[in-house]
1. Among (1) surrounded by 15 or more Cβ atoms within 10 Å (Cβ to Cβ); (2) under 29 Å from Leu191 (Cα atoms), which single condition is Pro91 missing?
2. Taking region 228-255 on its own, how many of its residues are surrounded by 13 or more Cβ atoms within 10 Å (Cβ to Cβ) and assigned to a loop (DSSP other than H, G, I, E, B)?
3. Restricting attention to helices (runs of 4 or more DSSP H) lying wholly within region 1-88, give those where 3 or more residues are in contact (Cβ under 8 Å) with a residue 12 or more places away in the chain, of a type outside the set (A, V, I, L, M, F, W, C) and out of contact with any Leu (no Cβ under 6 Å at 6 or more places or on another chain).
4. For residues that are charged (D, E, K, R) and open to solvent by 50 Å² or more (accessible area, probe 1.4 Å), scanning just region 161-179, find the one that is farthest from Ala134 (Cα to Cα).
5. Report the residue count in region 272-293 for those that are of a type in the set (Asp, Glu) and either open to solvent by 70 Å² or more (accessible area, probe 1.4 Å) or touching a Phe, Trp or Tyr at 6+ places or on another chain (Cβ under 6 Å) (or both).
6. May I ask you to list the residues in region 126-160 that are within 19 Å of the chain's Cα centre (by Cα) and open to solvent by 10 Å² or more (accessible area, probe 1.4 Å)?
7. Can you pull out the residues in region 300-314 that are in a helix (DSSP H, G or I) and over 18 Å from the mean Cα position of the chain (by Cα)?
8. Working only within region 226-254, note down all residues that are of a type in the set (A, V, I, L, M) and closer than 16 Å to Leu288 by Cβ.
Amino acid sequence: MIRPITLASGQFGDMGLEELCAMASSIGYQGLELATHAHFNVEKALKEEGYVEQVQKMLKKYNLSCHAISAHLTGQCVGDVWDPRLDNFAPSACSGDPEKIRTWAVEEMKRTVEAADKMGVKVITGFTGSPIWAWWYSYPQTTRQMVDEGYQKIYDLWTPILDVFDQYDIRFALEVHPTEIAFDYYSTERLLDTFHHRPAMGINYDPSHLVWQGINELTFLRDFADRIYHVHIKDVKINRNERSGILGSHLEFGDVRRAWNFVSAGHGDVDFDGIIRELNRMEYQGPLSVEWEDSGMEREFGAAESYEYIRKMNFSPSDTAFDAALKTE
């Protein structure tokens, strides 16, 4: 049950595909989680003859595979409330126009499903956005109706998209993450209930976003086991002190004054040993996708060190009890 170890390509968007393939392969990675904003062009996949074959050939040249397509930026534009930051995620022709951005994002997500099908990929990871994230702290007071309407809006926006997922037998793995409609345990539970637990809607499990919030990453994994369609390997280091709080104080990632920072696997407080044991129990055989996000570590060093860390941790379950030989006839 040794799962493939892959590398999320989004954080290496300044590198060309072949350069990234060469680096990942030299480290030992078995695949890439190709990001649509970086190394997998949806429009070219659908309109340019030979593009998909070219990407597949490049991966094969370096003994790599693709188990998931990342559409995080597109998905964010579907359900988010516009502000100028969102213009960075959409075509320049849509800049400053919230409805134009949303319309583009909905259709682009559908096209992404078609492109993934052409690639032979069965999982798309990403975000949903959230119309109610800004109201997470209820002041001014957030009414129950406002929250209900927020979940309903995500349902209305994403149902036609998920219908296309069903059409192509592909699944969406939402990364439970602040700024998304599902950002912790109970908001995830509610989202799945809202979609009536339709199989197309699942989870991209990234423990780093849970631990700093105080959520037990193993309990989350165990309780949502049937919805784990993809796994990110990313760590978070907790550094609570008398000055820093979990809200971040508008300090940039990597600032050592923060109460927490994303770090390379093995440098933080995520229980990866426990996670592997839970994944073994639930018979998860999908990829372990290293998502490098450590502002305090050189990027390629971090990618290599993270691979070695999780490779050693990626063990299969035992097929015998440790005390089986202690029995006598």
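The values are calculated or read from the model by the stated rules, or taken from the named source; none is laboratory data. Only a predicted model underlies this, so the values are computations on that prediction, with no experimental measurement involved. Don't worry about glycine lacking a Cβ; one is built from the backbone with ideal geometry, like all the others, and counts go over all protein chains shown. With ligands, DNA and RNA removed, areas are computed over all heavy atoms of the protein, side chains included. Shrake-Rupley method; radii C 1.70, N 1.55, O 1.52, S 1.80 Å.
1. Going through the list (1) surrounded by 15 or more Cβ atoms within 10 Å (Cβ to Cβ); (2) under 29 Å from Leu191 (Cα atoms), Pro91 breaks only (1).
2. Result for region 228-255: 9.
3. Counting at least 3 such residues, we get 72-79.
4. Filtering region 161-179 for residues charged (D, E, K, R) gives 163, 166, 169, 171, 175.
Checking the rest, the ones that are also open to solvent by 50 Å² or more (accessible area, probe 1.4 Å) come to 163, 166, 169, 171.
Numbers: Asp163: 28, Asp166: 31, Asp169: 34, Arg171: 28 Å.
Once the filter is applied, the top-ranked residue is Asp169.
5. Total satisfying the criteria: 2.
6. Taking region 126-160 and keeping what is within 19 Å of the chain's Cα centre (by Cα), we get 126-130, 133, 154, 158.
Within region 126-160, Phe127, Trp133 meet the criteria.
7. Glu300, Phe301, Gly302, Ala304, Glu305, Glu308, Tyr309, Arg311, Lys312, Met313
8. Answer for region 226-254, where residues must be of a type in the set (A, V, I, L, M) and closer than 16 Å to Leu288 by Cβ: Ile228, Val231, Ile233.
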